[in-house]
1. Separation between the D133 and D63 pseudo-spin-labels, each 7 Å from Cα along Cα→Cβ, expressed in nm?
2. What residues qualify as long-range amide H neighbours of K276, i.e. H under 5 Å apart, gap of 5 or more or another chain, H built at 1.01 Å from N?
3. Could you list V82, V160, V110 so that the one with the fewest beta carbons within 10 Å of its beta carbon is first and the one with the most is last?
4. Could you list, bin by bin from short to long, the percent of Cα-Cα pairs of the chain in 10 Å steps?
5. Which residues among the range 121-142 fall inside the zone where the amide N is under 18 Å from a point 7 Å beyond the Cα of V103, along Cα→Cβ?
6. If you place +1 on the Cβ of every Lys and Arg, -1 on the Cβ of every Asp and Glu, and leave all else neutral, what size is the dipole of the range 23-104 about its Cα centre, to the nearest 20 Debye?
7. Select from A88, A130, A164 the residue whose mean-square fluctuation is largest in a Gaussian network model of the chain (Cα-Cα springs shorter than 10 Å).
Amino acid sequence: MGEQPSAKSKKATKATDEKPASAKRTKTAKPESRLAMVRRARRMNRELADVYPYAHPELDFRDPFELLVATVLSAQTTDLRVNQTTPALFAKYPTPEDMAAAVPEELEEVIRPTGFFRAKTRSLIGLSTALRDRYDGEVPGTLKDLVTLPGVGRKTANVVLGNAFDVPGLTVDTHFGRLVRRWKWTDQEDPEKVEAEIAEIFPKSEWTMLSHRIIFHGRRVCHSRKPACGACPIAHLCPSYGEGETDPEKAKKLLKYEMGGYPGQRLSPPPDYPGKPAPPLGTPAGAE
Ligand code: SF4
C-alpha cells in the first residue's frame, strides 16, 4: 500500500476549500426549494462523474449469467469476496445447465467464502433450473421476468439490466440509500420509494452510471459509520458535511480502495481503472 495519493484524492483535499452546503444553508436559514435541490443533485452527479470517470460494477463477470450469479452471491458480503470466489465457481459450473445439475453440497463448498452458502446454493440451483427450463438457458432481459427467478429481487434485476443489457436502472443498495438521504435528495427509507423519487430527479440515461458513482462514493469516502468529510470532493454540495471526520489529514486516512492507494474489488477491473486489481482468494486484501 503506502502509495502516493492519486490525482483524485488530491482533488478531494482541494475541493473541500469551498464552503460546505450545510454551512451556507445555516447562514440563510431558508429551506431549500425542490428546484434548488434538483439542481444541486444534478451538479453532484456531474462532479461525481469527474471524480469517478472510471465508475463501474465492482463484480467480475463475462456474461449476463455470471453477473446474475455474482449479484445473488453479493448479498451480505463484499464484492471482493464474491470476485475471489467466482473464478472457481464458473470453472466448475460454466452454464445454467451445469449449475442446475450441481450436487448441492459440492456447490455449497465452492461458495462457502461468501457466507449464507446454504441459502445461496438453493437460489443458484433454483434460478439456474428456471433459466434452463423456462428461458432456454438464457438470462431474460426484462425486470418482469428477472424478478420471477429464485433469489432475484428488484435490486439484483436492476444490476443485471443496467450492466449486462444496457437497460437503465437505479441500484438502491445500502450505500445508495444512505447517501441520497444524507444529501437530502429524498427522506424515504423503503428502497422502492427511494428508487421512484430519484428516478424523478434524473433522466433515465443517467440511472446506471449515477448508481455506480454513488456506490463508489459510499464505498470509498462517505462510509456508513465514518464518512471522510474532510477529504470529500463534493463536500461543498453536501448538507450533511460534518457528519464524519472533517480534519483533512485524518479524513484522508479513511479513504478506501484506489482513493486511499489500496487495491480495488475486482480481480479483472476495466482497463481505465486507476487502482490495482484485487488479489485472489487467500491473499490479505488490506482494504476489504
Ligand atoms: S463524506 Fe461527508 S461531506 Fe462527503 S458526501 Fe458524505 S456526509 Fe457529505
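1. For the pair D133/D63, the computed spacing is 2.2 nm.
2. Amide H neighbours of K276: G264.
3. V110, V82, V160
4. Here the calculated profile for the chain is 6, 27, 32, 22, 10, 2, 0.
5. 121-122, 125
6. So the dipole magnitude of the range 23-104 works out to roughly 1200 debye.
7. For the chain, modelled as a Gaussian network with Cα springs under 10 Å, the answer is A88.
Each value in this text was obtained by applying a stated rule to the coordinates, not by laboratory testing. Quick caveat: nothing in here was measured; it's all calculated off a predicted structure. Note that we place each Cβ from the backbone using ideal geometry, even for glycine, and neighbour counts take in every protein chain shown.
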